[in-house]
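J.: One structure coming up, written as structure tokens, with questions to follow.
The values are calculated or read from the model by the stated rules, or taken from the named source; none is laboratory data. Just so you know, these numbers come straight off a predicted model, no measurement behind them. In this analysis, Cβ positions are derived from the backbone assuming ideal geometry, glycine residues included, and neighbour counts consider all displayed protein chains.
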Amino acid sequence: MPSGFRYASSGKVRDIYELDADSRFLTHEERIDEEATLVLVATDRMSALDVVLGDEVPNKGFVLTALTQFWMDRLRDITPNHLVGWRGRDLPGEVAYYAGRAMLVKKLSMIPIECVVRGYLTGSAWSCYKTTGRINGTRLPGSFRHGDRLPKPIFTPAIKNRHGHDENVSIAQMRSAIGAELTEQIHRLSIELYERAAEFASTRGILIADTKFEFGTDRRGNLILADEVLTPDSSRFWLSETWKPGGIPYSFGRELIREWLQSRGWNGGAPPPRLPHAVVSETARRYTEICRILTGQSIDDWIATARDTDTAGSRRGA
């Protein structure tokens with residue numbers, strides 16, 4: 001990492017760097033926001049069952065960054081977000097080298113809740129419903145099949161755990177953990193963000209089956225949308241023309257990898273099995289394809305925009 005930054009931590013997919021306290025960078029001859037002290041670099045790492053796999057998915061980090069920037073810009077009238085810069089010319093100092101994968105963001109006090117919104121019955125919600133007839137402790141009216149559209153989007157939070165899987169909780173448990181006022185605010189915003197995104201995606205022939213959001217608070221206590229937003233890592237995107245209740249629609253996420261791992265009987269133990277090249281390359285293709293469908297821009301064009309180059313790799317205006 002360039003001078004002026006220090007390594008802070010790594011998640012399953014992202015590496016996090018923090019601006020040194022005595023470092024000062026300028027962008028466009030103005031001071032960077034005083035709270036913009038983190039750089040998130042999205043890698044091509046892939047995880048399953050909370051385990052980082054041994055195989056990377058080419059261009060995945062670019063896709064995650066491109067879609068997060070796209071959605072944060074499109075949804076910023078609903079709630080503020082932590083993104084400050086993503087183009088090379090907007091990134092401080094040598095961080096511009098990571099343009100396309102990097103986001104300069106505000107450092108927040110993160111709320112330890114996965115804010116999951118579901119519009120369709122699938123994934124862990126379907127598994128829970130089959131067993132208990134409930135999702136996160138709430139009984140659904142009527143009878144549902146896998147893949148059914150829910151009468152209205154539902155909010156199913158989970159408490160983030162440092163180790164192991166996140167724990168699904170009821171909204172009442174969420175209130176006990178973080179307070180009623182904050183819970184209601186997050187609940188309302190999560191549903192509104194999902195509905196706005198789902199409405200737009202439908203115009204591109206895409207259904208958003210479910211997604212998750214994360215929030216933090218800034219120094220003034222404002223609630224801020226953070227981390228990744230509506231990416232194939234955090235969402236299930238279905239091709240609408242292939243959807244029918246009870247069926248398995250064409251998906252643009254990690255399903256191929258999940259299905260292959262399940263077929264091998266892998267339960268999360270170390271080391272994870274190596275993925276076949278065909279599974280990795282097809283997953284990479286689907287990631288870049290959903291990015292193109294939703295943003296209207298190829299991943300190569302996104303990288304060129306972020307790096308301020310043309311698609312041949314030369315600097316614009318050079």
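J.: Is the stretch 237-257 home to any residue that is without any contact (Cβ under 8 Å) to a residue 24 or more places away in the chain and of a type outside the set (S, T, N, Q)? Don't jump to the end; show me each part of the working.
T.: Let us first name the residues in the stretch 237-257 that are without any contact (Cβ under 8 Å) to a residue 24 or more places away in the chain, namely 242, 250, 255.
Cutting the leftovers down to of a type outside the set (S, T, N, Q) gives us 250, 255.
Among the residues of the stretch 237-257, at least one is without any contact (Cβ under 8 Å) to a residue 24 or more places away in the chain and of a type outside the set (S, T, N, Q), which makes the answer yes.
J.: Something else about it: Just the residues that are within 20 Å of ILE248 (Cβ to Cβ), loosely packed, with under 15 Cβ neighbours inside 10 Å and hydroxyl-bearing (Ser, Thr, Tyr), please, taken from the stretch 117-140. Show your work before the answer.
T.: Going residue by residue through the stretch 117-140, those that are within 20 Å of ILE248 (Cβ to Cβ) are 118-131, 135.
Filter once more, keeping what is loosely packed, with under 15 Cβ neighbours inside 10 Å: 127, 130-131.
Within the stretch 117-140, SER127, THR131 qualify.
J.: List pairs: first in the stretch 168-184 and under 17 Å from ILE224 (Cα atoms), second not polar (S, T, N, Q), Cβ under 7 Å, 6+ apart or cross-chain?
T.: Within 7 Å, the pairs are ILE178/ILE111; ILE178/ILE113; THR183/ILE171; THR183/MET174; THR183/ARG175.
J.: For the stretch 285-318, how many residues are more than 22 Å from GLY123 (Cβ to Cβ), modelled with pLDDT of 95 or more and among the aliphatic types (A, V, I, L, M)?
T.: Of the residues in that region, 4 qualify.
J.: Here's a follow-up. Of the numbered conditions (1) under 25 Å from the mean Cα position of the chain (by Cα); (2) touching a residue at least 12 places away in the same chain (Cβ under 8 Å), ASN161 satisfies every one except a single condition; which is it?
T.: It fails just one condition, (2).
J.: With ILE290, ILE299 as the choices, which residue is in contact (Cβ under 8 Å) with a residue 40 or more places away in the chain, more than 16 Å from GLU56 (Cβ to Cβ) and not assigned by TED's automatic domain parsing to the domain that holds ILE206?
T.: Working: ILE299 fails: more than 16 Å from GLU56 (Cβ to Cβ).
After ruling out the rest, the residue left standing is ILE290.
J.: Could you list all residues from the stretch 46-76 that are small (Gly, Ala, Ser), touching a residue at least 60 places away in the same chain (Cβ under 8 Å) and surrounded by fewer than 22 Cβ atoms within 10 Å (Cβ to Cβ)? Outline the logic, then answer.
T.: Applying the first criterion (small (Gly, Ala, Ser)) to the stretch 46-76 yields 47-48, 54, 61, 66.
If we keep only those that are touching a residue at least 60 places away in the same chain (Cβ under 8 Å) as well, we get 48, 54, 66.
The answer is ALA48, GLY54.
J.: Assess whether LEU225 counts as being under 15 Å from the mean Cα position of the chain (by Cα) and either more than 30 Å from LYS152 (Cβ to Cβ) or not assigned by TED's automatic domain parsing to the domain that holds PRO153 (or both). Write out each step before concluding.
T.: On the way: under 15 Å from the mean Cα position of the chain (by Cα): yes; either more than 30 Å from LYS152 (Cβ to Cβ) or not assigned by TED's automatic domain parsing to the domain that holds PRO153 (or both): no.
Answer is no for this residue.
Residue by residue, here is whether (1) in a loop (DSSP other than H, G, I, E, B); (2) at pLDDT 90 or above; (3) under 17 Å from ARG254 (Cα atoms) holds:
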site	(1), (2), (3)
LYS12	yes, yes, yes
ARG24	yes, no, no
ASP44	yes, yes, yes
ASP73	no, yes, no
ASP77	yes, yes, no
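J.: Output the residue which, of all residues in the stretch 77-116 that are surrounded by fewer than 19 Cβ atoms within 10 Å (Cβ to Cβ) and within 26 Å of ASP300 (Cβ to Cβ), is nearest to the chain's Cα centre (by Cα).
T.: For the stretch 77-116, the residue satisfying everything is ARG87.
J.: In the stretch 242-315, which helices (runs of 4 or more DSSP H) lie fully inside it and hold 2 or more residues that are more than 20 Å from THR211 (Cα to Cα) and of a type in the set (Asp, Glu)? Step through it out loud before you land on a result.
T.: Details: elements: 255-263, 277-295, 299-307.
Because the criterion is at least 2 residues that are more than 20 Å from THR211 (Cα to Cα) and of a type in the set (Asp, Glu), the helices (runs of 4 or more DSSP H) in the stretch 242-315 that meet it are 299-307.
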